[in-house]
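Everything below concerns the one structure shown next.
Derivation of every value follows stated rules applied to the coordinates shown; laboratory data play no part. This one's a predicted model, so the numbers in the text were calculated from it and none came from an experiment. Using ideal geometry, Cβ is built from the backbone for each residue, glycine included, and neighbour counts are taken over all protein chains shown.
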Amino acid sequence: MKLAAHKVADWVSSFKASNAPALILVYGPDEGGVMETARRLRASYLGRDPDPLQYAQFDDAAFSGQPGLLADEAAAIPMFGDTKLVHVRGGAGKAPEAAKLYLAGLQDGERLASLVIIEAGSLRPAAALRKLAEGHAQAMALPCYLLEARDVARVARDYLESENYRIEAGALDLLTARLTTDRGLMQRDLEKLVLFKGPLGKDDATGMIGLDDVDAVLGNSAQASFDQLIDSVALGRVSKADSTLDLLFAGGTPADATLPAIRMHFQTLHLVLGLIESGTPQNAALSSFRPPLHFRRKPLVENQLRLWSRRKASRALSLLQEAEAACRGASRPLAHAKAGQVLLRISRAAQR
C-alpha cells in the first residue's frame, strides 16, 4: 500500500505491533528522515528491552546469491519474545527479489509474528521495490522527502509543544533559519535544545525557549558556513561560494538543504527591494528579514541591495525553485551537482 508523504508522521505515531503489515519500505531523498522513521518503527514494534534475538539486521548485499534468506530469517522466531523484526538497509541488488519471495510466501490475511523493514534511498515510481510495496496488501511504502522551508517552523513548534515547551516568536524565527530541512538532523537539533533546557513532564509547568537558548545550542560554525554561502552567492563571490558549498557537502549537509535556505533569503531580498523601490527607507525595509539581521551581516546585505534589482532577484528565485524540484528524488551526487551549478550561476549573475 502507498501512503502520502504528509500522512507518514501520523501513521508512524499511531503504529503498533498489533496492526503491523508484513513489510514496511521506508524510502526517499531525506536520509535522516528515513533513518529516524525506521528507528521509531523499530522501537514501537519491539517495545522496551527486547530480546536481542528478536532483531536481525542485514545490508542489501547479503541477499546476493541467496534471495530466500529474508523469508527464512523472518520465519525464525526466537525462543523468547513473540515478535521479530528483520531490518534491511539498502534497496539495491537482490533486495527487491528477496522482498518479493518473502511476500509471495504469505497467506492472504495471515497475521505474522515478524515484521520486515527496508530502508532505501530515492526510488523512482517504476523501481521494483517501490512497486512491490505500494501494490501489495500486506506491505506499506512510506516516502520521506525533505521538508519545505515553510514547514520547518511548524514541525519544530509541534515537537517542542510535545515536550511541554513554548517558544518565543523571535526565537522560532532564529530556530527556523538554523535548522536543516533534513528531518533526522532537525530531530537531533531539537532534542539537543530540549536537553539544554531540561526535559519536562506533562505535569510540569510549561517551559519557554528564548533567543539565547537557540543561540547557545545552534549558534555554531555550521550556521556561520550557511550564512557565508548565502552571502557569497548574493554578493557574487564565486570562489568563496564554491569553497563554502564544498565544505558544507563534505560535512554531510545535503544539497537539498542549501537550496531552501538560499531561496528564503532571495525571497526576502526581493521583498526588501520592492519596498525600497516603492519609497520605503532602506533601514525600515531591512527590518523585513527574519530573524533580524546580525549587525555583522547587515553591511553585507546592504551591499547585496546594490547588486540586485527586483527583476534579477525574481529570476534567481525561478532558478532556485527549478533546482529544488530537480533535486527531489535525485541521487546525492546528482543533487550536489545540480545545486552547485545553479548557485554558481546565480553568484556570477550578481556581478552583471
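Structure notes:
- Prolate/oblate/rounded label for the chain (Cα gyration tensor, a/c 1.5): prolate
- The charge dipole of the range 149-218, taken about the Cα centre with unit charges on the Cβ atoms of Lys, Arg (+1) and Asp, Glu (-1), comes to about 200 debye, rounded to the nearest 20.
- Computed over the range 5-143, the ratio Rg/Rh where both radii use C-alpha atoms and Rh is Kirkwood: 0.92
- Whole-Å semi-axes of the range 129-242's equivalent ellipsoid (Cα gyration tensor): 29, 27, 10
- Net length available on complete extension from residue 6 to residue 64 is 17.4 nm, with 0.36 nm assigned per residue and the Cα-Cα distance removed.
- Helix axis angle, 255-277 relative to the chain longest principal axis, alpha carbon, degrees: 30
- A cut-off of 5 Å between modelled amide H atoms, ignoring neighbours fewer than 5 places along the same chain, links residue 115 with 84, 85, 86.
- A full extension of the chain between residue 250 and residue 196 corresponds to an added length of 16.7 nm, given 0.36 nm per residue minus the alpha carbon distance.
- Annotation: lysines with alpha-carbon distance below 30 angstrom to residue 312 (same-chain offsets under eight excluded): 240, 298, 338.
- Placing R0 at 25 angstrom, the Cβ-Cβ distance between residue 157 and residue 341 gives a FRET efficiency of 0.15 after rounding to 0.05.
- Of 16/202; 84/202; 2/84; 7/192, those spanning more than 30 Å from alpha-carbon to alpha-carbon: 84/202
- With Cα atoms, 0 to 90° folded angle of helix 169-178 axis to the chain main axis: 70
- Per residue Cα convex hull volume in Å³ - calculated over the range 221-350: 92
- About the Cα centre, charge dipole magnitude for the chain (Lys/Arg +1, Asp/Glu -1 at Cβ), debye: 1460
- Our compactness index for the range 76-185, the C-alpha radius of gyration over the empirical 2.2 N^0.38 Å, is 1.48.
- Estimated distance in nm for a label pair at residue 278 and residue 124, the labels positioned 7 Å out from Cα along Cα-to-Cβ: 4.5
- About the Cα centre, charge dipole magnitude for the range 221-350 (Lys/Arg +1, Asp/Glu -1 at Cβ), debye: 240
- Charge dipole of the chain about the Cα centre (unit charges at C-beta), most positive-ward option of 33, 262, 76: 262
- Candidate lysines - alpha carbon under 21 Å from residue 94, same-chain residues fewer than 8 apart omitted: 131
- Burial ranking of peptide ranges 52-61, 315-324 (average Cβ count within 10 Å, highest at the top): 315-324, 52-61
- Taking Cα atoms only, the orientation of helix 221-235 departs from the longest principal axis of the chain by about 50 degrees.
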